[in-house]
Structure formats: structure tokens, C-alpha cells
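Peer 1: Here it is, the structure in full.
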Ligand code: XMP
């Protein structure tokens, strides 16, 4: 019978058999899937696994710490953190077009991850390449594995095949260069999302990660309408943290699919605060209900929750003087604004 304990044990056993004595790498995003996949593989092969977390500076408040501190403490994974915040900001400077921003973030992500992976491989295989050549034969390249958090619906969607061609999302590390070829370990490929969560809880992945709502790979970079700058990120991060805090306090986290907060950074409107006129930015609340993100409806949040979010954001985030609500379903709107 399906119990998260049985399933977790089976998956750990499988991963152990698959990986053997080899080295394995996993890119962590802070999301549920990569976290649970990494935790399973850690249970299977311990320190043969190295996780890489690229901090692109587009995460929400507390999310980097959740990976760097909470996740590491709870699971004991060996983690390499790459602080790429400056690099992403420079690459995004002056760019307002949504697709352009996405491309830049994706490109930089792959470059940074690649370099980190190369460093990890080097660190663990001193002179590996030369040794292989000396020995010759089929063992020239030590076998290396890359963990992917592929779920069952992804497998079905992509026609049941495996392999690099099916790697999805922003952690798309397909097309890695020759010297960085990996085989894939996909411990979640038989599971649905709710099963992944149960397995995650079973093996001690922190609740904050297990229950995290979907968050796009390009992060806050596509929730700032206009150019992404450090100041704007800071404004959005504060507004977003307030909205999340209030939704959590109201017990609504598991009722809504997600609630992006969007900063209209190039728009200003006149307001009044105390004795003075303000000329600040609006933010948009985008609460949605959905089964699979393909379609969505806007969530009818209680007015008092909306009121609290609005008054806290406008009081606590000086640069924001207006809070608006997106009441568009998908279609025709998408969930994200970019
Ligand atoms: P849209 O805006 O297309 O979003 O209605 C559907 C779902 O996908 C998430 N999303 C992304 N997730 N990388 C991701 O990993 C991305 O580039 C990306 N873009 C959108 C979005 O948050 C929503 O859950």
C-alpha cells in the first residue's frame, strides 16, 4: 500500500542502486521538486552528492536563507552557494522587454550553473581527465549524474522518454558542453505533486519548502514591469513579504494556487500621506486558484484580508502608494504579468 515511508525507502534504494559509487550534482532552486529530489539522493548516497544553489538575487524575502540554512540543516546536503546577484543585475541593466529579460536570466543561469558544476567536478576528480586518458578505454570519463526533479506529469507530457532533451523549466541544463556531460537521476518520475510533498515531509524537508507555492524560475525579475534594478527588487520584496505574511496568517496558503505581487515600476500615481502629496508606484495583487496553472480563476479573497494587505503595504513600503487587485481569469490573462 502507498505510504510515504515505503515510497521514500523504495526511491532511496533505487537511487542508491543507480548511482553506485559515482559523483552526483543537483541544482537547487528553493522549490519543492528539486529540494525533495536532492534530499532523497542525499539519503541514498550521502556526500557523493553536491548541491549547487545559484542565488540570482531575484528570490523573495527569506528564500535564499531557506535553502542555505534550513534545508541544509534539515537534510545535511553538501551545498555550494554561488552568489551571482551582481552578475544578474548587470546583465539585466536597461532591459524592460519581458522576453528579453527571460532570455537573459535563463542564459546567465545556465552559464553560472555550468561554471559551478565544472568547479564541483574538478574539486572531486583531481586529475580525473588525465588519469582516464592514461588508462584508456571506456572509462575515460568518470560517470557523473545530475539530479532532476522531473515529476510523473512531466514524463507523460514529454512522451515518456528520458534524457537531456526533456529537462524542463529554468533549470534547463540541457545542451551542456562536452566536458560536462551527465546522466540523469530522476527520483520523482513516478510521483504526482501531492505525493512529492508527502515524501518530502517523510524525509524531513522543511515545511516551508514542501508547501511552497509555485514560483517562476526568473523570479521577481518578471514581476517588475520595466527595468529590474536593485532598488525595485527591494521594494517588491518588501511588498511581497507583507502579502505572503497576511495570507499565511489568514490560513489561506493552501486555498490559493499562488499570489504574485507585481510592481508597476514605470507607473506613478498621486496619493496623500500625512500632510503630504506622494507620487509612488502601484503594486498589483494577483491571487489565483488553479488545478494545474493551465487555466486559473482569480481568487475571491476576503475583503478584510485584502484591506490588511493594502494598508500594511502602503504604510510600510514608502515607495508604494496604491494597491490594486487583478480580477482577470486565465485565459485571457496569464498568471504572471510577463
Ligand atoms: P503563466 O504566467 O504562464 O504561469 O500563466 C503559469 C505557471 O507557471 C509559472 N511560471 C514559470 N515557472 N519558469 C517556471 O519554473 C518560468 O519561466 C515560469 N513562468 C511562469 C507561473 O508562476 C505559474 O505558476
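Throughout, read-outs are computed from the coordinates displayed, never taken from laboratory work. Here the structure is a predicted model, which is why all the values come from computation and not from measurement. With ideal geometry, Cβ positions are generated from the backbone for all residues, glycine too; neighbour counts draw on all protein chains shown.
Peer 1: Under 8 Å for C-alpha pairs, at least 6 residues apart: give me the relative contact order for the stretch 17-95, rounded to a whole percent. Present the calculation step by step, with values, prior to reporting the outcome.
Peer 2: Working: 98 pairs, mean separation 25.1, N = 79.
Reported as a whole number, the value is 32 percent.
Peer 1: What is the packing order of peptides 184-191, 101-108, taking the mean over residues of other C-beta atoms within 10 Å and listing the highest first? Before the final figure, lay out the partial values.
Peer 2: On the way: 184-191: 21.5, 101-108: 17.5.
Ranking, from highest mean packing down: 184-191, 101-108.
Peer 1: If the chain were replaced by its equivalent ellipsoid, with semi-axes equal to the square roots of 5 times the Cα gyration tensor eigenvalues, what would those be, largest first, whole Å?
Peer 2: Values: eigenvalues 303, 106, 58 Å².
Output for the chain: semi-axes of 39, 23, 17 Å.
Peer 1: If you take every DSSP beta bridge whose two residues both sit in the chain, what share of them, in percent to the nearest 5, is antiparallel? Display every interim value, and only then the final one.
Peer 2: Values: 12 of 37 bridges.
Close to 30 percent.
Peer 1: Which whole-number percent gives the relative contact order of the chain, counting Cα pairs below 8 Å spaced six or more residues apart? Write down the numbers at each step before the final one.
Peer 2: Working: 558 pairs, mean separation 60.6, N = 338.
Relative contact order, the chain: 18 percent.
Peer 1: Applying 1/(1 + (r/R0)^6) with R0 = 22 Å to the Cβ-Cβ distance of residue 87 and residue 122, what FRET efficiency is obtained, to the nearest 0.05? Walk me through the numbers on the way to the answer.
Peer 2: Details: r = 21 Å, r/R0 = 0.93.
Calculated transfer efficiency: 0.60.
Peer 1: If you don't mind, another one. Given the options 22, 240, 33, state which has the largest fluctuation in a GNM of the chain using a 10 Å cut-off (strictly under) for Cα springs.
Peer 2: Top of the fluctuation ranking is 22.
Peer 1: May I pose another question? What's the ranking of 57-63, 230-236 by average number of surrounding C-beta atoms within 10 Å, highest first?
Peer 2: Numbers: 57-63: 19.7, 230-236: 17.9.
Packing proxy ranking, top to bottom: 57-63, 230-236.
Peer 1: Of all DSSP beta bridges located in the stretch 213-338, what percent are antiparallel, nearest 5?
Peer 2: On the way: 12 of 19 bridges.
Roughly 65 percent of the DSSP beta bridges within the stretch 213-338 come out antiparallel.
Peer 1: I would also like to ask the following. Tilt of helix 32-45 relative to the longest C-alpha principal axis of the chain, in degrees (0 to 90, nearest 10)?
Peer 2: 30
Peer 1: Relative to the longest principal axis of the chain, what angle (0 to 90°, nearest 10) does the C-alpha long axis of helix 98-124 take?
Peer 2: On a 0 to 90 degree scale, this one is about 30.
Peer 1: Next question, about the same structure. Take residue 253 and residue 329, extend 7 Å from each Cα along the Cα→Cβ direction, and tell me the distance between the two endpoints in nm.
Peer 2: Rounded to a tenth, the inter-label distance reads 2.9 nm.
Peer 1: So what's the gap between the Cα centers of the stretch 263-338 and the stretch 201-255, to the nearest angstrom?
Peer 2: The stretch 263-338 and the stretch 201-255 have Cα centres separated by 14 Å.
Peer 1: Rounded to the nearest 10 degrees, what's the angle between the helix 4-19 long axis and the longest principal axis of the chain, both from Cα atoms, 0 to 90?
Peer 2: 50
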